[in-house]
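Notes follow once the structure below has been shown.
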Amino acid sequence: MKRTAFLLAAILCFGLLAAALAAPEAQVPPWQDLKASGKKNWIGDAVYFIYTPNEKPKMGTIILKVRVFTKSGEKDKSFIVKGQFGMPSMAGAHDSGLQTFALNKAGNYLLPVNIVMPGEWELRLTFIKAGKTVFRGRTKFNV
């Protein structure tokens, strides 16, 4: 009887632990398709961002700029913005890994993007505020 009670308690503990570990993942927002470069992408109702490359994507390094604004048009520098880019058709081969954008004095988030070969590329952006992921978006582009 004691052994059965112990096993039931162990199973319950492992179940609770698994649920606790899975819970934060369930709170991560789903991936959304980004609007075109230069267009407003809303994060909820109060904040939006605009992403633009410094030039048309081509072989070599381009700088991706993300600007975040409040609804009233003021720059919002309270986010951590992370980006990842790669070629979906060659998963892992040219993947950048998740990188944090640098925030400059003008309030722009900047990330160098190294395009190493022609083809279809995917950019993924993650926005974090107060330690919580609040938005994830992705878009594809051709070089």
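The values are calculated or read from the model by the stated rules, or taken from the named source; none is laboratory data. Just so it is clear, the model here is predicted, and its values are computed rather than measured. Ideal geometry is used to build each Cβ from the backbone, glycine not excepted, and the neighbour counts take in all protein chains shown.
What the table shows:
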item	result
Qualifying residues in region 43-61 (those that are closer than 15 Å to residue 102 by Cβ and in contact (Cβ under 8 Å) with a residue 24 or more places away in the chain) - the one farthest from the chain's Cα centre (by Cα)	61
Selected residue (only one of 107, 131 is surrounded by 13 or more Cβ atoms within 10 Å (Cβ to Cβ) and at positive phi)	107
Hits in region 53-101 - residues which are farther than 13 Å from residue 114 by Cα and hydroxyl-bearing (Ser, Thr, Tyr)	70, 72, 78, 89, 100
Scope region 71-88; condition acidic (Asp, Glu) and crowded, with 16+ Cβ neighbours inside 10 Å; matching residues	76
Residues of region 82-116 classified as out of contact with any strand residue (DSSP E or B) (no Cβ under 8 Å at 6 or more places or on another chain) and within 15 Å of residue 54 (Cα to Cα), total	0
Wholly enclosed strands (runs of 3 or more DSSP E) of region 1-118 bearing at least 2 residues at pLDDT 95 or above, over 16 Å from residue 136 (Cβ atoms) and of a type outside the set (Gly, Ala, Ser)	47-53, 60-70, 109-115
Residue in region 50-70 that is touching an Asp or Glu at 6+ places or on another chain (Cβ under 7 Å), surrounded by 12 or more Cβ atoms within 10 Å (Cβ to Cβ), over 28 Å from residue 27 (Cβ atoms) and not polar (S, T, N, Q) present	yes
Flag for residue 79 being in contact (Cβ under 8 Å) with a residue 12 or more places away in the chain, under 17 Å from the mean Cα position of the chain (by Cα) and under 17 Å from residue 31 (Cβ atoms)	no
Filter pass, residue 102 being surrounded by fewer than 16 Cβ atoms within 10 Å (Cβ to Cβ) and over 16 Å from residue 62 (Cα atoms)	no
